[in-house]
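Have a look at the structure below, then the notes.
The values are calculated or read from the model by the stated rules, or taken from the named source; none is laboratory data. All figures in this text were calculated on a predicted structure; none of them were measured in a lab. Neighbour counts are summed over all protein chains in view; Cβ atoms, including those assigned to glycine, are modelled from backbone coordinates with ideal geometry.
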């Protein structure tokens, strides 16, 4: 088990791109700062809270789940990039990592998964080991933004709704959304959450603008679809995993750009 834990951490490190100039690591589509004080300064400048991801404990299953699965969702990465200053802390029990935990007032022997602070370093979501699943993490994100008096993006609310359905499947089998009944035009080519499809269908049926339910990247993708109508875009399958669908769509999108 120990060897397996070491191997997973090595794979995580191998997937990161380090920038020594800015003390930054690119991981899961997010640029993570490595210096706590630098993160607080940037948070003050950007008027954003700081989200802190703790990594480095060999065999820490919750750390691995958080780092390799939860934040790797394309919309989750977008939420973090657009609304937070991301900071990653390696080996929280030693050196600078230990200093960060002390500054956050964490005196327990357990390594937290993540924490969220404002630009003054004050807790919005306390750094603790909570074994986050998908929906509890989005709930923590929403709670932190509310505590910092920030607006909650509509696509984050819908992402949380989707994650709740993922973590706690309904007892009754859900009737598949008939997306071709209302979800038409360029939207049928765009990777969407099930909750987004529902809201966009309602908006279209009421002649309302559905774009508020999209993330910034989805809005850019929709514009690309509309501006390149001659391209043979693939219709999205109702049962397709969003992450896989977005990955496939992005490859085509970047090829056109």
When residues of segment 128-157 are limited to those that are modelled with pLDDT under 75 and in contact with a helix residue (DSSP H, G or I) (Cβ under 8 Å, 6 or more places away or on another chain), the one nearest to residue 101 (Cα to Cα): 129
Positions within segment 158-202 being modelled with pLDDT of 65 or more and more than 21 Å from residue 75 (Cα to Cα), in sequence order: 170, 171, 184, 185, 202
Odd one out for residue 31, checked against (1) modelled with pLDDT of 70 or more; (2) crowded, with 21+ Cβ neighbours inside 10 Å: (2)
Segment 85-127, residues that are under 20 Å from the mean Cα position of the chain (by Cα) and at pLDDT below 75: 112, 113, 127
Residue 222, sole failed condition from (1) part of a helix (DSSP H, G or I); (2) out of contact with any helix residue (DSSP H, G or I) (no Cβ under 7 Å at 6 or more places or on another chain); (3) closer than 19 Å to residue 185 by Cβ: (2)
